[in-house]
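Working notes, beginning with the structure itself.
The values are calculated or read from the model by the stated rules, or taken from the named source; none is laboratory data. Since we're looking at a predicted model, the values are computed, not measured. Cβ placement follows ideal geometry from the backbone for every residue including glycine, while neighbour counts extend to all protein chains displayed.
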Amino acid sequence: MSLFIYGSFYYLYMPSVSHQWNCNFLFDVCENGVGVCSFPTAHVDLTDDDENLVLTPGQAYKILLDLELPESAENRATGMFVISANFYNSSGDSVRTSSKTSMLRYRSSLLRSLTTLAYSPFLVTGAHEQKQLLHIEMFSKYMENSYNPAFRAVLQMRTQSLQLYSATLKIYAHFTGLRYLMFHWPATCAVLGTGIILSSLMFVAMLSWYNYFHSGHVVVQPSSHRLLLEERRRQIQARLLREGHSAEEVVSATTGTEILIDPPQLTENSSGGVDNESQGAVVTESLGSAGSARPIISTMSIHSVGSTNQEHPLVSPIYDESPEHLELMSTEDDSSSIMSSNITLLSSDDIDLELRHRHISAHQS
């Protein structure tokens with residue numbers, strides 16, 4: 001798998017190292033049918049057989065023109081000449097232009113005579129020819145534009161007297177960075193790349209295996225405040241059922257509605273106080289249903305009848321806005337009230353003001 005991934009990456013990332021085309025220079029013949037009456041020009045298509053561009057956008061290339069010229073008297077007499085290269089896009093507009101000069105290597109008549117004498121056996125048999133090969137660098141770093149690529153190149157020799165055997169346009173990729181390393185050290189880069197890909201695949205596989213086989217063993221410890229809240233809710237439900245309230249009232253009292261319950265009958269002990277059954281309990285909850293935007297407070301308070309000159313415990317609610325808060329408190333109040341049993345529904349804003357008034361009056365008394 002890692003070898004396949006690295007091979008695919010190499011194929012997509014590394015461009016072709018070199019491209020070459022044989023250039024066929026054409027010219028206009030003079031009216032008498034002899035001689036060259038125009039500059040020799042060659043057209044080269046920079047596409048493959050499937051009409052795809054062979055140059056990779058963003059890659060630098062070196063473009064050379066190799067000319068094979070005979071050491072004839074006409075070429076020696078020509079001296080310096082100019083070669084121009086024009087690259088055109090699909091619309092026929094010029095993209096890049098370059099012009100270079102060149103000439104045959106100078107060789108004296110004595111050197112030519114000695115060379116001819118030394119290579120005479122090879123010259124006679126045709127194994128050697130009296131010619132020179134010129135390498136003309138048209139572009140040192142040609143960069144293909146991805147938005148305006150070149151589709152064809154036009155080469156032209158600005159002389160009519162130059163004689164040549166053949167011409168070849170060669171394009172070499174100029175690699176830098178990672179491509180340079182992958183081209184000059186392919187084996188080392190292949191080993192390192194395959195190892196990195198294999199390590200990454202093994203790490204992902206081990207992580208997936210661990211998450212798959214250990215995801216069901218995660219134990220979430222419930223919050224102690226939540227457990228206390230559930231326990232108090234069950235106690236409230238049991239107490240309301242013992243006092244004779246209906247199941248609907250019990251459910252409403254324990255699901256986030258403000259309930260104030262006063263029992264119809266209370267008894268006094270021998271000391272003039274109130275027994276345990278008449279003591280009040282206040283439960284303050286911050287419960288939020290799925291459809292409510294703010295918490296609702298559920299409070300149960302029991303008021304009892306006592307003597308005006310006898311202090312007895314009553315319940316005073318303390319409001320706390322923190323979530324999952326449950327508090328049982330009792331205070332003393334010498335006020336007396338009439339035995340009643342009612343259910344009052346209040347909102348969070350109303351209960352805040354009511355609880356503050358009760359707390360202040362309890363401390364003042």
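Residues in segment 144-163 that are within 19 Å of Trp21 (Cα to Cα) and either part of a loop (DSSP other than H, G, I, E, B) or out of contact with any Cys (no Cβ under 8 Å at 6 or more places or on another chain) (or both): how many?
From segment 144-163, those within 19 Å of Trp21 (Cα to Cα) are 144, 149-157; that's our starting set.
Subsequent filtering for residues that are either part of a loop (DSSP other than H, G, I, E, B) or out of contact with any Cys (no Cβ under 8 Å at 6 or more places or on another chain) (or both) retains 144, 149-154, 156-157.
Summing the residues that are within 19 Å of Trp21 (Cα to Cα) and either part of a loop (DSSP other than H, G, I, E, B) or out of contact with any Cys (no Cβ under 8 Å at 6 or more places or on another chain) (or both) in segment 144-163 gives 9.
It is to be established whether one or more residues within segment 164-180 are among the basic types (Lys, Arg), over 22 Å from Asn22 (Cβ atoms) and either without any contact (Cβ under 8 Å) to a residue 24 or more places away in the chain or touching a helix residue (DSSP H, G or I) at 6+ places or on another chain (Cβ under 9 Å) (or both). Within segment 164-180, one or more residues are among the basic types (Lys, Arg), over 22 Å from Asn22 (Cβ atoms) and either without any contact (Cβ under 8 Å) to a residue 24 or more places away in the chain or touching a helix residue (DSSP H, G or I) at 6+ places or on another chain (Cβ under 9 Å) (or both).
Just one of the numbered conditions (1) on the phi > 0 side of the Ramachandran plot; (2) in a strand (DSSP E or B) is not true of Val95: (1). Residues of segment 33-52 that are loosely packed, with under 15 Cβ neighbours inside 10 Å, over 13 Å from Trp21 (Cβ atoms) and of a type outside the set (A, V, I, L, M): Gly33, Gly35, Cys37, Ser38, Asp50, Glu51, Asn52.
Do we have any residue at all in segment 130-138 that's closer than 17 Å to Ser72 by Cβ and modelled with pLDDT under 90? Yes: one or more hits.
Residue by residue through segment 85-106, note down the ones that are under 19 Å from Ser72 (Cβ atoms) and either surrounded by 14 or more Cβ atoms within 10 Å (Cβ to Cβ) or not assigned by TED's automatic domain parsing to the domain that holds Leu67 (or both). Passing the criteria: Ser102, Met103, Leu104. Can you list the strands (runs of 3 or more DSSP E) lying wholly within segment 1-89 that have 1 or more residues being charged (D, E, K, R)? Answer list for segment 1-89: 41-45, 60-70.
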